[in-house]
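**Q** First the structure, then my questions, so here it is.
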Amino acid sequence: MKNIKLLIMLILTTTIAVSCFEDDSISTTEPNHRVIVTSEMNFDNTINPGGHIDFGDLSQGVQSRTWTFPENVSRISGEDGNTSTKNVVKGIFNTPGVYNVTLNQTFKGDVYPNENSTVPNTTRELDTTIVVTVLDWVESNIKAYYINDDGSTGNELTMTDNAENEITASEFIRLTYTAVGAPDEIVWSSAGGKPTSITTSEETEVDMRFSKLGSWDLQYIASRSRPGDADTISLKNFIKVIPSTEPVTLDRVFEKEYQTTIGLEFSREMNPETVNKNNFSVAIETAGGAVINPEIASVTVDANEGNILQVELANEIMYNDDVVKISYTPGTLATMDAVAATTITGAVLTDFIKTNVLEETDIDYSFETTEDSNWPYLWWGGRWGEYDYNLSFDRAHTGSKSMYIEFRPNGGMIMGHRNNDNEDITFLVESGVNYEMGVWVYIEDLGNITGEANIRMYWNPGTNWGIGDNVTFTTTTPVGQWFYSSAVVQFAASGDVSYMIRGVNDNTDRLKFYIDDLTLFKLTSRP
């Protein structure tokens with residue numbers, strides 16, 4: 001409504017200014033031009049039941065107009081019936097559904113039908129239809145199932161408070177939902193689950209693992225951002241995790257505390273009284289080829305996550321270019337349900353703690369705050385403009401938006417990142433330092449891959465044209481899921497640089513995908 005008022009004021013001001021300079025020797029002709037706006041036009045005219053949309057006829061040269069709203073499901077504020085001749089009307093919609101609002105206009109002369117028209121219609125009467133979508137309130141139904149040994153869906157769990165559905169430690173349950181009201185984000189949470197929270201924008205089925213003994217609640221939240229609404233379902237003491245006789249497995253080795261502590265994530269909780277640091281050893285293989293065997297200061301069970309051991313180094317630190325391996329010789333280590341841990345030989349640390357330096361810059365690394373125009377074509381010519389893209393709410397790795405891209409057949413792409421003043425948005429880098437430059441990708445349609453297809457991240461000035469692909473598309477590249485891909489790069493000089501994102505598609509099919517969460521990790525290197 002605010003925008004409509006501003007436009008009306010601008011038109012009135014312009015009209016008054018022109019009239020002040022009119023005299024008998026000047027003849028002015030008012031153009032007949034159709035301009036129609038709504039207060040929710042940027043959101044597909046979608047609202048909640050009982051919500052309203054303002055409709056504005058800002059057209060020039062209108063002789064008469066009639067708005068017509070659907071009967072019984074909507075009304076026009078300030079009007080007795082379902083029609084109005086006002087230039088601005090407020091429509092209130094009470095019933096979920098998809099409805100047509102029509103506007104019939106008669107102009108004083110031939111009319112330009114839209115803002116881009118260069119030739120007027122030969123008719124003076126135009127009809128316009130505006131589609132309004134009234135979404136249901138978000139309401140859900142949830143179910144949960146055991147998972148059979150072969151991965152298939154098993155028996156249904158009881159969905160009530162205090163059901164305490166029994167599950168053996170380290171096993172999964174399958175969570176599903178149905179919903180009306182088009183929620184765009186689903187969050188499943190349980191303090192006993194691993195992970196404790198699972199967020200999805202499209203999957204109607206997720207699996208959650210339970211490793212901690214005890215009884216645990218379950219919470220489900222379905223929500224949509226616009227028009228805003230949410231549905232929450234909470235179940236008390238929904239799951240009861242009981243002891244297992246199955247072998248305990250080591251599922252992940254990661255950097256728990258920056259440079260000093262290794263995390264060992266087991267399939268279920270470990271008994272703190274069985275931990276002995278003398279049964280563990282660590283080997284660090286440096287980039288220069290040396291092997292370091294640091295002393296272990298302590299091995300403890302994490303106070304918040306009982307299935308994680310913390311291995312703290314005494315006299316050494318880890319760097320990103322090290323290969324860190326940990327081993328365990330069978331001793332007393334056992335789970336809370338008295339199952340002994342088995343031998344671990346040279347398990348490699350795969351997840352280092354890294355900070356995305358783009359988070360401290362103006363780079364819209366997650367595509368949440370910019371528009372399509374902020375990611376312009378860089379005019380390399382030829383194949384490099386053979387692509388289509390837009391920022392999309394349809395899918396996201398994190399947040400609510402990502403960039404959707406299509407490489408045309410035998411096409412390519414080169415785009416940059418600029419602010420609203422058409423200036424390159426930059427990030428500060430250091431020379432001689434290794435950086436991991438990466439991106440998350442979701443392939444919608446791979447097509448028939450027979451030739452080269454990839455994405456590379458370059459920078460300006462001083463890019464290294466010889467770096468490898470950040471993303472290579474092949475016949476084995478995963479489709480229908482987010483995956484991360486990166487390349488290690490160095491910058492020739494310290495200073496501010498800007499993005500150049502380049503793509504190639506040497507194939508006869510369109511390549512359709514999303515990208516999200518650009519990363520630039522500054523890696524530590526052993527001196």
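The values are calculated or read from the model by the stated rules, or taken from the named source; none is laboratory data. Note that the coordinates shown come from a computational prediction; the quantities given were computed from them, not determined experimentally. Don't worry about glycine lacking a Cβ; one is built from the backbone with ideal geometry, like all the others, and counts go over all protein chains shown. These accessible areas exclude ligands, DNA and RNA; they are computed on the full protein's heavy atoms, side chains included. Shrake-Rupley method; radii C 1.70, N 1.55, O 1.52, S 1.80 Å.
**Q** Carbon-plus-sulfur fraction of the accessible area of the chain, 1.4 Å probe, in percent?
**A** Numbers: 12150 of 26050 Å².
Carbon-and-sulfur percentage of accessible area, whole number: 47.
**Q** Okay, next question. Net charge near Ser152, counting Lys/Arg +1 and Asp/Glu -1 over other residues with Cβ under 13 Å of its Cβ? All intermediate terms of the calculation are to be shown ahead of the outcome.
**A** Numbers: positive: Arg174; negative: Asp149, Asp150, Glu205, Asp207.
With Lys, Arg at +1 and Asp, Glu at -1, the neighbours total -3.
**Q** Sort out for me the Cα centre separation of the stretch 455-469 from the stretch 165-195, rounded to whole Å.
**A** When both Cα centres are located, 42 Å separates them.
**Q** Calculate how steeply helix 2-20 sits against the longest principal axis of the alpha-carbon atoms of the chain, using the helix alpha-carbon long axis, and give the answer as 0 to 90 degrees to the nearest 10.
**A** Once rounded, one gets 30 degrees.
**Q** Could I ask something else about it? Note down the magnitude of the dipole of the stretch 397-441 about its Cα centre, charges +1 on Lys and Arg C-beta and -1 on Asp and Glu C-beta and zero elsewhere, to the nearest 20 debye. Walk me through the numbers on the way to the answer.
**A** On the way: 3 positive and 6 negative charges, 53 e Å.
Taking the Cα centre of the stretch 397-441 as origin, the dipole is about 260 debye.
**Q** Further question on the same structure: Between the alpha-carbon centers of the stretch 143-160 and the stretch 352-406, tell me the distance in whole angstrom.
**A** 39
**Q** While we're on this one: Can you list residues whose amide H is under 5 Å from Asp110's amide H, if they're 5+ apart or on another chain and H is modeled 1.01 Å from N?
**A** none
**Q** Quick one: which residues, 5+ away or cross-chain, put their amide H under 5 Å from the amide H of Val433? H built at 1.01 Å from N.
**A** Those lying under 5 Å, H to H, from Val433 are Phe491.
**Q** Under the classification rounded if a/c is under 1.5, otherwise prolate if a/b is larger than b/c and oblate if not, where does the stretch 345-392 fall, given a ≥ b ≥ c as square roots of the Cα gyration tensor eigenvalues? Walk me through the intermediate numbers first.
**A** Numbers: a/c = 3.23, a/b = 1.91, b/c = 1.69.
Verdict is prolate for the stretch 345-392.
**Q** Would you mind working out the accessible area per residue for the chain, using a 1.4 Å probe, and quoting it in Å²? Let's see the in-between values first.
**A** Working: 26050 Å² over 527 residues.
With all protein chains present, the chain gives 49 Å² per residue.
**Q** Could you grab the relative contact order for the stretch 225-336? Cα pairs under 8 Å, six or more apart, rounded to a whole percent.
**A** Numbers: 189 pairs, mean separation 31.4, N = 112.
Relative contact order comes out at 28 percent.
**Q** Sorted by accessible area (1.4 Å probe), largest first, how do Met159, Met500 line up?
**A** Details: Met159 50, Met500 20 Å².
These residues rank, largest area first, as Met159, Met500.
**Q** Turning to a different aspect of this structure: Name the residues whose placed amide hydrogens come within less than 5 Å of the amide hydrogen of Val138, ignoring near sequence neighbours (fewer than 5 apart) on the same chain.
**A** Excluding prolines and chain starts, which carry no amide H, the hits are Ala230.
**Q** Hey, for a label at Asp388 modelled as a point 7 Å past Cα toward Cβ, could you say which residues of the stretch 435-470 have their backbone N under 16 Å away?
**A** Within reach of a label on Asp388, which here means backbone N under 16 Å from a point 7 Å along Cα→Cβ, the stretch 435-470 contributes 444-447.
**Q** Of the listed pairs Lys325/Lys522; Lys256/Lys325; Lys401/Lys512; Lys256/Lys354, which have alpha-carbon separations greater than 18 Å here? Kindly include the intermediate steps, with their values, before the conclusion.
**A** Working: Lys325/Lys522 22 Å; Lys256/Lys325 14 Å; Lys401/Lys512 16 Å; Lys256/Lys354 11 Å.
The pairs that break the limit, which is 18 Å between Cα atoms, are Lys325/Lys522.
**Q** Above 33 angstrom, tally the Cα pairs of the chain and express them as a % of all pairs, no decimals. Walk me through the numbers before you get to the answer.
**A** Details: 84771 of 138601 pairs.
Here the long-distance tail beyond 33 Å is 61 percent of all Cα pairs in the chain.
**Q** Straight-line reach only, C-alpha to C-alpha below 22 angstrom: list the lysines that Lys90 could link to, leaving out same-chain residues fewer than 8 apart.
**A** Here the lysines satisfying the reach criterion relative to Lys90 are Lys2, Lys5.
**Q** So what J values fall out for the stretch 121-136 if you push phi through Karplus, 6.51 cos²θ - 1.76 cosθ + 1.60 with θ = phi - 60°, rounded to Hz, Gly and Pro as x?
**A** 5, 8, 10, 9, 10, 10, 10, 10, 10, 10, 8, 10, 10, 10, 7, 4
**Q** How high is the FRET efficiency from Phe254 to Thr83, r the C-beta distance, R0 60 Å, rounded to 0.05? Display every interim value, and only then the final one.
**A** Values: r = 65 Å, r/R0 = 1.09.
According to the calculation, E is roughly 0.35.
**Q** I would also like to ask the following. Short version: ³J(HN,Hα) in whole Hz for each residue of the stretch 158-168, in order, from phi by Karplus 6.51 cos²θ - 1.76 cosθ + 1.60 (θ = phi - 60°), x for Gly and Pro, what are they?
**A** The phi angles translate into 7, 9, 9, 4, 6, 5, 6, 4, 7, 9, 6 Hz.
**Q** List the longest stretch of the chain that has no exposed loop site; here a site is one of the chymotrypsin sites (Phe, Trp or Tyr not before Pro) assigned by DSSP to anything other than H, G, I, E or B, with at most 10 other Cβ within 10 Å.
**A** Details: sites that count: Phe21, Trp379, Trp465.
With chymotrypsin sites (Phe, Trp or Tyr not before Pro) excluded where exposed in loops, the chain gives 22-378 as its longest stretch.
**Q** Through the Karplus equation 6.51 cos²θ - 1.76 cosθ + 1.60, θ set to phi - 60°, convert the phi angles of the stretch 394-399 into ³J(HN,Hα) values in whole Hz; use x for Gly and Pro.
**A** Once θ is set to phi - 60°, the couplings for the stretch 394-399 become 5, 7, 8, 6, 9, x Hz.
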